[in-house]
1. Within segment 113-122, can one find any residue that is within 22 Å of residue 136 (Cβ to Cβ) and within 14 Å of the chain's Cα centre (by Cα)?
2. Please work out which one of (1) touching a residue at least 40 places away in the same chain (Cβ under 8 Å); (2) crowded, with 19+ Cβ neighbours inside 10 Å; (3) closer than 16 Å to residue 22 by Cα; (4) touching a helix residue (DSSP H, G or I) at 6+ places or on another chain (Cβ under 7 Å) is the condition residue 73 fails and give its number.
3. What about residue 147, is it more than 16 Å from the ligand (Cβ to nearest atom), crowded, with 18+ Cβ neighbours inside 10 Å, under 22 Å from residue 20 (Cβ atoms) and modelled with pLDDT of 95 or more?
4. What residue, of 86, 56, is crowded, with 16+ Cβ neighbours inside 10 Å, at pLDDT 95 or above, more than 16 Å from the ligand (Cβ to nearest atom) and more than 16 Å from residue 18 (Cβ to Cβ)?
5. Across segment 12-26, which residue is nearest to the ligand (Cβ to nearest atom) among those that are part of a helix (DSSP H, G or I), touching a strand residue (DSSP E or B) at 6+ places or on another chain (Cβ under 8 Å) and farther than 14 Å from residue 95 by Cβ?
6. Does segment 39-48 contain any residue that is crowded, with 16+ Cβ neighbours inside 10 Å, touching a helix residue (DSSP H, G or I) at 6+ places or on another chain (Cβ under 8 Å) and assigned to a loop (DSSP other than H, G, I, E, B)?
7. Take segment 89-110 and flag every residue that is more than 16 Å from the ligand (Cβ to nearest atom) and either surrounded by 20 or more Cβ atoms within 10 Å (Cβ to Cβ) or closer than 20 Å to residue 68 by Cβ (or both).
8. Starting from residues that are more than 16 Å from the ligand (Cβ to nearest atom) and within 20 Å of residue 125 (Cβ to Cβ), keep the ones in segment 1-11 and report whichever is surrounded by the most Cβ atoms within 10 Å (Cβ to Cβ).
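The values are calculated or read from the model by the stated rules, or taken from the named source; none is laboratory data. Fair warning: this is a prediction, and the values are worked out from it, not measured in the lab. Cβ: placed from backbone, ideal geometry, glycine included. Neighbour counts: every protein chain shown.
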Ligand SMILES: Cc1cc2nc3c(=O)[nH]c(=O)nc-3n(C[C@H](O)[C@H](O)[C@H](O)COP(=O)(O)O)c2cc1C
């Protein structure tokens, strides 16, 4: 349908735990209760500026590596920033992060770059740090569902 809202989910995962979080986010975003929202999923290495320009809202997921977002996520933003700056102002976004023990550096590094794109964080990041607790995937599902439902309802 042409009046569908567009939700982009971009993530990177090396050893698979951020992927599990991404799967839950996607599941939530594609909840059967939500209509009129088209979900596009890309890995950070696949994603391009065109994906960001296409979307009405986006969700990024990354592991923390060396106190920062993953190199793949940084590379996506490096490749997209200048094609998107001034063109996606105000778009709502949310983050999910997986970290061995911390995660703060991944979150703040993403928020800093995204501030430069003048986009709006509309939910608290979901951070799973330490031993991977699959019970917390429900929070990832909620993140995706809230973003899609908010887009559908026009609340963001
Ligand atoms: C090269 C490398 C650097 C890492 N640096 C950090 C770090 O700075 N802080 C942290 O909490 N965890 C760090 N970790 C742990 C990862 O965040 C953790 O293994 C995470 O599960 C990886 O996500 P993935 O399973 O989706 O690849 C690092 C892991 C790797 C491989």
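1. Yes, because at least one residue in segment 113-122 is within 22 Å of residue 136 (Cβ to Cβ) and within 14 Å of the chain's Cα centre (by Cα).
2. With (1) touching a residue at least 40 places away in the same chain (Cβ under 8 Å); (2) crowded, with 19+ Cβ neighbours inside 10 Å; (3) closer than 16 Å to residue 22 by Cα; (4) touching a helix residue (DSSP H, G or I) at 6+ places or on another chain (Cβ under 7 Å) applied to residue 73, the lone miss is (4).
3. Numbers: more than 16 Å from the ligand (Cβ to nearest atom): yes; crowded, with 18+ Cβ neighbours inside 10 Å: yes; under 22 Å from residue 20 (Cβ atoms): yes; modelled with pLDDT of 95 or more: yes.
Considered against the rule, which asks whether it is more than 16 Å from the ligand (Cβ to nearest atom), crowded, with 18+ Cβ neighbours inside 10 Å, under 22 Å from residue 20 (Cβ atoms) and modelled with pLDDT of 95 or more, residue 147 comes out as yes.
4. Working: 86 fails: crowded, with 16+ Cβ neighbours inside 10 Å.
Exactly one of 86, 56 is crowded, with 16+ Cβ neighbours inside 10 Å, at pLDDT 95 or above, more than 16 Å from the ligand (Cβ to nearest atom) and more than 16 Å from residue 18 (Cβ to Cβ), namely 56.
5. Initially, segment 12-26 is screened for residues part of a helix (DSSP H, G or I), giving 17-26.
When the remaining residues are screened for being touching a strand residue (DSSP E or B) at 6+ places or on another chain (Cβ under 8 Å), the result is 17-19, 21-22, 25-26.
Those still in the list that are farther than 14 Å from residue 95 by Cβ too: 17, 19, 26.
Numbers: 17: 3, 19: 6, 26: 15 Å.
Ranking the qualifying residues of segment 12-26, first place goes to 17.
6. The answer is yes; a qualifying residue exists.
7. Step one: of segment 89-110, the residues more than 16 Å from the ligand (Cβ to nearest atom) are 89-94.
Correct list: 91, 92, 93, 94.
8. Within segment 1-11, the subset more than 16 Å from the ligand (Cβ to nearest atom) is 1-8.
Still in the list and also within 20 Å of residue 125 (Cβ to Cβ): 7-8.
Working: 7: 27, 8: 23.
For segment 1-11, the residue satisfying everything is 7.
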